[in-house]
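Here is the structure we will look at.
The values are calculated or read from the model by the stated rules, or taken from the named source; none is laboratory data. Here the structure is a predicted model, which is why all the values come from computation and not from measurement. In this analysis, Cβ positions are derived from the backbone assuming ideal geometry, glycine residues included, and neighbour counts consider all displayed protein chains. All accessible areas refer to the heavy atoms of the entire protein, side chains included, with ligands and DNA or RNA removed. Shrake-Rupley method; radii C 1.70, N 1.55, O 1.52, S 1.80 Å.
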Amino acid sequence: MFRRLRRVTMTIRGQITIIILVALVTIISMGDAVERWAREDLAAPDLENIAEKLNAIAELLGPASPEDRQIILANARRAGWDIELTPTATASRFAQSSSHQSFLDIVAARLFPPDNEPPIGGWQTFLDDRRVIAARVDDDSIVITAGFPDSMLSSAFLGRGPYFFVAFFVLIVFFFMFAIRAITEPIQRIAQAAAVSDITTGSPVFEERGTVEIVALARALNGMRRRIRLMIEARTRMLRGIGHDLRTPLTRLKLRVERMGESGQKDALLSDIDRIASLLVESLNYLRNDYATETIELVDVASILQTVCSEFADIGHAVRYTGPNRLLARCRPLSITRAVTNLCDNAVKFGDKVDVTMAERLETVLITVEDDGPGIPQELRERVLEPFFKSDQSRAGGGFGLGLSIVADIIHSHQGTLELRQRNPRGLSVVVAIPK
């Protein structure tokens, strides 16, 4: 039984049921305490009692003679009543509100009217801006009493109002706490995990903790993630196998072409074979995906950038580094080296001068690679990050459109950002931001 009860309390439906029950007990106990305090410390007119006594006076006045009526009214006034006998036509001057009545008074009177049968004109009756209660004496006259405070406080309000206000605040507090603890926080935790998750890793990233529904959601997301990873791995293995199997016939084809006599057709065939082989090498390197499994380490990013720039400068390219001589950050060193190398390689293909700069911004490292080439149009800056996409309108040249795709994947694996910007008057600026 206890195990079943625990299973029920682990569901959102069960927790809502418990909250409602606890809230009802709290409302009843707190409402009763607040009502007793209000009745003891707050002075409020008992409109129902006043109406009952006024009806009793009206019953005495009904059969009485004019002289006896005056005696009855005089005795009532000596007892503290503000009372008068008026013609029935006076009821036509009754109003339902007064000029000095506040909004809270009106709301309280509408929400918490007395339970008894209302008097002539209702419980909200005003005569010459004074709140009154009227009772019928006979067909020609009515008796009217006034002199009680015109405020939101009344016996009916003090009897039911505390329960309404306690219920309002208790339910808000309880359900607000429940929404944060059982719904908002787990969903936010799952959303954050989804934002930084890497599909290539095998470990579950969605924490299976919380209510039954949240655990089921996290478990389903982890299962979906595993299925996607297995599907990607299967297709990657297939493509790798195709790439490796194509190398042997390409090698045989190249050997046969090289035995041909010298001719323009031989050079064209060799060029096509070399290009196909290069495409296979770049595709296999892209599918290798080493950056996803490389360990994150604390490395000197400045040293990596200086090394990459020096290697390009040694083979005759105008690549210059600007930035601090030492900057430590947690990253994948080989992946960052590959990303910056791809950016510099892309820049030297289309520009004469390349500037690599680095700066530190709070918890972020900014790496910028700028060239003076033709740049990339605004409408193509997202598409050039896709695998095998090449822009023929600008920056056309060799390669197979995998360089920037690899860079984008590496930066995403670091939970960083990559942005392509147009330089003035010409050129491209690639801004990479990775967390430290």
query = What is the local net charge at I16, summed over the other residues whose Cβ is closer than 14 Å to its Cβ (Lys, Arg +1; Asp, Glu -1)?
reply = +1
task = About the Cα centre of region 170-284, how large is the charge dipole given +1 on each Lys and Arg Cβ and -1 on each Asp and Glu Cβ? Please answer in debye to the nearest 20.
result = 360 debye
key: Potential lengthening between E207 and R77 on full extension [0.36 nm per residue; Cα-Cα distance subtracted]   = 39.1 nm
request  = Would you list, by chain and number, the lysines whose Cα falls below 21 Å from the Cα of K266, excluding same-chain residues fewer than 8 positions away?
outcome  = K254
note = Rounded to the nearest 10 Å², the 1.4 Å probe accessible area of H244 is 100 Å²
task = Could you do me a favour and compute the accessible area per residue for region 206-348, 1.4 Å probe, result in Å²?
result = 60 Å²
request  = Specify the inter-centroid distance of region 338-391 and region 209-274, based on alpha-carbon positions, in whole Å.
outcome  = 26 Å
task = Note down the accessible area of T357, probe 1.4 Å, to the nearest 10 Å².
result = 40 Å²
